[in-house]
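A short write-up of the structure that comes next.
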Amino acid sequence: MSAGTVPAGAPSAADGAEAAHEVDAVLAGLRRHARQLVAEVAGPVRRVRLRSGDTVLEVEWHEAAAGQGVAATETGRAPDAPAVAPVAPPPAPRAAPPAGRIAVRSPMVGTFYRAPEPGAAPFVTVGELVRPGQVVGIVEAMKLMNEVTAERAGRVAEVLVEDGRPVEYDQPLVALDPA
């Protein structure tokens, strides 16, 4: 082997630069996804942690002091995240339905909608009979519309969440009287 020749299969400087570029691209994608997630989450976020292989992006902020913004760290890198205005906390969820009633609960965190689109008739109204599997609302999460269905039959006694309000996982959305 002559001087200046690199053995077959040995990493070169170009390989190192390419790997660094790939890591930077992954981090840029993680930051983009984190910003999108943070923009869509209602309420103060304490921590977002995204991982791709050995690369990790963490975003955390507290509502303690106004204007503090976001503190972000990337494994092995200096903080690099956009400032985000504090988000008002969501309204307190209403209490669970009274005993004897069936609760149709949110399958995820998101925004609850009573109708398939603005101005359309709601999926269900108070007094209406619903059957198992019938759609009673939608929870939007990450720009995806997820149907919320009744697991059991019943008569709609009360809609517990206003249209367009943020909801938590397992939060009661609609109260049904058993049919």
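The values are calculated or read from the model by the stated rules, or taken from the named source; none is laboratory data. Just so it is clear, the model here is predicted, and its values are computed rather than measured. No Cβ is skipped: glycine too gets one built from the backbone with ideal geometry, and neighbour counts run over all protein chains shown. Keep in mind that these areas ignore ligands, DNA and RNA; they rest on the heavy atoms of the full protein, side chains included. Shrake-Rupley method; radii C 1.70, N 1.55, O 1.52, S 1.80 Å.
Taking a sphere under 13 Å around the Cβ of Arg152 and counting the other residues whose Cβ falls inside, with K and R at +1 and D and E at -1, yields a net charge of +2. Please list 3J(HN,Hα) in residue order for segment 142-152, calculated via the Karplus relation 6.51 cos²θ - 1.76 cosθ + 1.60 where θ = phi - 60°; whole Hz, with x for glycine and proline. Couplings: 6, 6, 10, 8, 10, 5, 10, 10, 6, 7, 10 Hz.
The calculated FRET efficiency for Met145 paired with Ala179, based on their beta-carbon distance and R0 = 22 Å, is about 0.25.
For Met108 and Glu168 in one chain, what is 0.36 nm times their gap in residues minus the Cα-Cα distance, to one decimal in nm?
Numbers: separation 60, 0.36 × 60 = 21.60 nm, distance 0.64 nm.
Between Met108 and Glu168, full extension yields 21.0 nm more.
What is the set of long-range amide H partners of Val174 at a cut-off below 5 Å, with H atoms built 1.01 Å from backbone N? Answer set, sorted by chain and number: Val104, Leu160.
In the full protein context, segment 107-179 carries 55 Å² of accessible surface per residue, based on a 1.4 Å probe and ignoring ligands, DNA and RNA.
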